[in-house]
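The values are calculated or read from the model by the stated rules, or taken from the named source; none is laboratory data. This structure is a prediction, so every number in the text was calculated from the model and none was measured. Neighbour counts run over all protein chains shown; Cβ positions are idealised from the backbone, glycine included.
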Amino acid sequence: MVYLLVYVDDIIITGSSTSLVQHLANQLNSIFSLKQLGDLDYFLGIEVKHLADGSLLLTQSKYINDLLTKTNMSDYNPITTPMMSSCKLSKVGSDNVVDATLYRLVVGSLQYATITRPKIYFAVNKVC
């Protein structure tokens, strides 16, 4: 079995047989110019850590830290619960968002972060 994940010009090839994976990579390389970068460690904002037992740990720590830096929130303190479930948001009675484009960028980035951080899904869904 071979898995081929393609996103624009980024490709991950993995499978149950190293020789089969290498054969597919060689076939693709004969048609396209491929650059083999070795073991997977970062893909589309997701860090891949290879653990001693052979399993993989997927995190978005760098992605989140980059987002915090971009929004000047690196020095803020974390909390265990991102939002009370009974909180009601309303656009009435509040100031307009200063930079709507930045707001959309942050909310979209947080939606992507829910892949590895499901605890924030409720709060991100609310602000969407």
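Observations, loosely collected:
The rows are residues; the columns are (1) in contact (Cβ under 8 Å) with a residue 12 or more places away in the chain; (2) of a type in the set (S, T, N, Q); (3) more than 17 Å from residue 110 (Cβ to Cβ); (4) assigned by TED's automatic domain parsing to the domain that holds residue 114.
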residue: 7; (1), (2), (3), (4): yes, no, yes, no
residue: 32; (1), (2), (3), (4): no, no, yes, no
residue: 53; (1), (2), (3), (4): no, no, yes, no
residue: 90; (1), (2), (3), (4): no, yes, yes, yes
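- Screening residue 109 with (1) surrounded by fewer than 10 Cβ atoms within 10 Å (Cβ to Cβ); (2) touching a Leu at 6+ places or on another chain (Cβ under 9 Å); (3) among the hydroxyl-bearing types (Ser, Thr, Tyr) gives one miss only, at (1).
- For residue 67, the conditions (1) modelled with pLDDT under 90; (2) not assigned by TED's automatic domain parsing to the domain that holds residue 7 are fulfilled apart from (1).
- Sole exception among (1) surrounded by 14 or more Cβ atoms within 10 Å (Cβ to Cβ); (2) modelled with pLDDT under 90 for residue 25, by number: (2)
- In the set (1) under 30 Å from residue 101 (Cα atoms); (2) of a type outside the set (A, V, I, L, M, F, W, C); (3) free of Cβ contacts under 8 Å to residues at least 12 places away in the same chain, residue 60 fails one condition alone, (3).
- Restricting the stretch 31-70 to residues that are part of a helix (DSSP H, G or I) and of a type in the set (A, V, I, L, M), the residue that is surrounded by the fewest Cβ atoms within 10 Å (Cβ to Cβ) is 31.
- Residues that are surrounded by 14 or more Cβ atoms within 10 Å (Cβ to Cβ) and either under 13 Å from the mean Cα position of the chain (by Cα) or modelled with pLDDT of 90 or more (or both) are absent from the stretch 81-92.
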